[in-house]
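J.: Below is one structure. I have some questions about it.
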């Protein structure tokens, strides 16, 4: 007669998957919520040579990261360029973006900028010229400039933070906007903090 129920040995029993929360309840990894994405700005100092922007763009394309904008321009050193990327991704992906960018050979230094960074973008807006005086008044209200005014169209320039640009565009949409050209964000760290750090061999 058996002393008890027969079953697999302890080491043969299936182990439940998933971590336990603070109450000790095990969470199914398949239903555990994914980290929430957040919008942030990443800046990369790169060597100014042919193909660098293509390499950076290919990295984002291969990994299928969600890019909001990407800008590139020269710096105080003509041998360097600064790439500014705005992404919306969960924290683990943001960390991976920085690590992967650092592996690109022409990249000198990469970092995520804080929310207090000094940032600006520029937009050109072409509209119908039916009400040029009202267009001019709203453009001035947002510290913009009229670049071209003709009998049929008006083109203005606006510079500011992302929110300021969005607000200005909302105000101008009443004038039948024909075309918009928006640069995307460029940014530097605030105060004495260095935006990028170049190795001594490159200074």
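None of the figures in this text is laboratory data; all of them are computed from the coordinates on show. Fair warning: this is a prediction, and the values are worked out from it, not measured in the lab. Note: ideal-geometry Cβ built from the backbone for every residue, glycine included; neighbour counts use all protein chains shown.
J.: Take peptides 117-126, 189-198 and line them up by average Cβ neighbours within 10 Å, highest first, as a rough protection proxy. Provide the component values of the computation, followed by the final result.
T.: Working: 117-126: 17.8, 189-198: 12.4.
Listed from highest to lowest mean packing, they are 117-126, 189-198.
J.: Can you report the principal axis dimensions of the range 118-187 using only the alpha carbons, biggest first, rounded to whole angstrom?
T.: Cα spread of the range 118-187 along its principal axes, largest to smallest: 37, 19, 17 Å.
J.: Starting from the Cα of residue 105, step 7 Å along the direction of its Cβ; do the same at residue 68; then give the gap between the two resulting points in nm.
T.: 3.3
J.: Further question on the same structure: For the pair residue 54 and residue 95, what calculated FRET efficiency results from E = 1/(1 + (r/R0)^6), where r is the Cβ-Cβ distance and R0 = 25 Å, to the nearest 0.05? Present the calculation step by step, with values, prior to reporting the outcome.
T.: Working: r = 24 Å, r/R0 = 0.95.
The calculated FRET efficiency here is 0.60.
J.: In what sequence do 167, 176 fall when counting other Cβ within 10 Å, fewest first?
T.: Working: 167 15, 176 12.
Lowest count first: 176, 167.
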